[in-house]
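K.L.:
Before anything else, here's the structure in question.
The values are calculated or read from the model by the stated rules, or taken from the named source; none is laboratory data. This one's a predicted model, so the numbers in the text were calculated from it and none came from an experiment. When we count neighbours, we look across all protein chains shown, and the Cβ atoms used for this are built from the backbone with ideal geometry, even at glycine.
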Amino acid sequence: MRVAVSPLVLPVLLFVLAGCGTPSLLITPVSNTSKLQELDVSPAGTRRGAAKIAVIEIEGVLINARRGGFLQPTENKLSLFTQQLDRARADSKVKAVVLRINSPGGTVTCSDTMYEMVRRFRAQTGKPVVASTQEVCASGAYYVACGADAIVAQPTSVVGSIGVIFNTFDFSGTMAKLGIRSEAISSGELKDMGSPLKPLDPAARAVMQEMINEYHGRFVGVVTSNRRQLNSDLQRLKLATDGRVFSGQQAVAMGLVDRLGSLEDAIALARQLSGARDARIVMYKRPYGYSGSIYADQSTPAPRAGVLTIELPEIEAFLPRGFYYLWTQ
């Protein structure tokens with residue numbers, strides 16, 4: 001028997017069948033090629049005019065890749081964000097955008113790309129963008145939020161972590177205990193810097209640190225160009241950008257966010273800035289399976305195994321090696 005089943009139904013189906021003998025099933029995840037669907041999420045009883053305010057989610061670790069998931073890869077965060085902004089740009093009835101952020105950040109490039117997308121959206125459309133921080137708006141996620149017209153933070157939000165981190169691993173000791181030795185033939189002394197198969201030597205560390213300092217300087221530049229009140233107090237700026245996190249309340253005092261408030265308050269501010277006081281609230285959702293932007297097929301490489309091929313698929317699937325604007329707690 002062949003059954004097509006949604007991934008959400010599968011756990012329930014397996015539970016029901018657990019004690020029902022030995023049925024033979026070939027389970028095929030449902031393939032859905034629908035584009036983004038607009039959902040009206042306006043609170044019940046509110047006035048609903050023709051105008052709209054789009055709420056766009058920024059959640060999880062921001063990486064330009066589809067990561068492994070149950071039955072099928074998860075959504076590419078950059079691809080989905082691109083499509084959602086494009087949808088809000090193309091719809092003349094959308095008068096403002098609210099970014100609902102709950103993210104510890106992500107890769108340097110993905111964070112910077114999303115930030116530039118927000119800035120370009122504002123410049124091209126004239127539509128205001130308000131960032132609303134939820135539990136976490138840290139590092140690369142805060143970088144993206146800096147592209148908005150205003151940032152509204154929950155008092156209990158974790159905000160900040162303005163800094164850069166590069167994580168690598170040293171498995172040379174473990175390999176030595178197993179009698180395995182790595183030998184790399186490269187075109188230069190630093191070609192394999194950061195390799196988990198050998199310790200990070202001083203020359204490689206210096207190169208990495210130089211790049212980290214550059215990326216951190218870029219992050220600080222984004223902050224100072226968008227949070228101009230920090231420019232008048234260099235001591236406070238240094239404190240705000242040394243990598244620490246702040247509560248929403250502290251972030252207001254530091255000048256990292258504009259005001260305290262809930263998601264509803266952020267939406268109210270978007271109404272005010274756009275003049276669309278009776279606007280409906282919409283979100284864009286779509287099932288898995290549709291590739292709608294140039295970023296959609298940046299999939300995580302499949303793991304490989306072999307006697308002479310040593311990879312770290314589980315670790316890299318969670319956090320691929322690279323430079324991150326990321327709060328790692």
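K.L.:
Limited to segment 129-145, what total is found for residues that are under 24 Å from residue 276 (Cβ atoms) and outside any helix (DSSP H, G or I)?
P.N.:
6
K.L.:
Under 15 Å from the mean Cα position of the chain (by Cα) and in contact (Cβ under 8 Å) with a residue 12 or more places away in the chain: which single residue out of 109, 156 fits that description?
P.N.:
On inspection, the qualifying residue turns out to be 109.
Residue-by-condition table, conditions (1) assigned to a strand (DSSP E or B); (2) at pLDDT 95 or above; (3) of a type in the set (Lys, Arg):
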{"position": "70", "(1), (2), (3)": "no, no, no"}
{"position": "86", "(1), (2), (3)": "no, yes, no"}
{"position": "114", "(1), (2), (3)": "no, yes, no"}
{"position": "122", "(1), (2), (3)": "no, yes, yes"}
{"position": "127", "(1), (2), (3)": "no, yes, yes"}
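K.L.:
Could you check residue 174 against (1) assigned to a helix (DSSP H, G or I); (2) out of contact with any helix residue (DSSP H, G or I) (no Cβ under 6 Å at 6 or more places or on another chain); (3) assigned by TED's automatic domain parsing to the domain that holds residue 253; (4) not acidic (Asp, Glu) and say which number it fails?
P.N.:
(3) is the only condition that residue 174 fails.
K.L.:
Within segment 228-251, count every residue that is closer than 19 Å to residue 134 by Cα and among the aliphatic types (A, V, I, L, M).
P.N.:
Count: 2.
K.L.:
In segment 230-286, which helices (runs of 4 or more DSSP H) lie fully inside it and hold 1 or more residues that are in contact with a strand residue (DSSP E or B) (Cβ under 6 Å, 6 or more places away or on another chain) and assigned by TED's automatic domain parsing to the domain that holds residue 86?
P.N.:
Passing ranges, in order: 248-254, 263-274.
K.L.:
Also: Given the criteria in contact with a Phe, Trp or Tyr (Cβ under 7 Å, 6 or more places away or on another chain) and assigned to a loop (DSSP other than H, G, I, E, B), does residue 196 qualify?
P.N.:
Yes: the conditions hold for residue 196.
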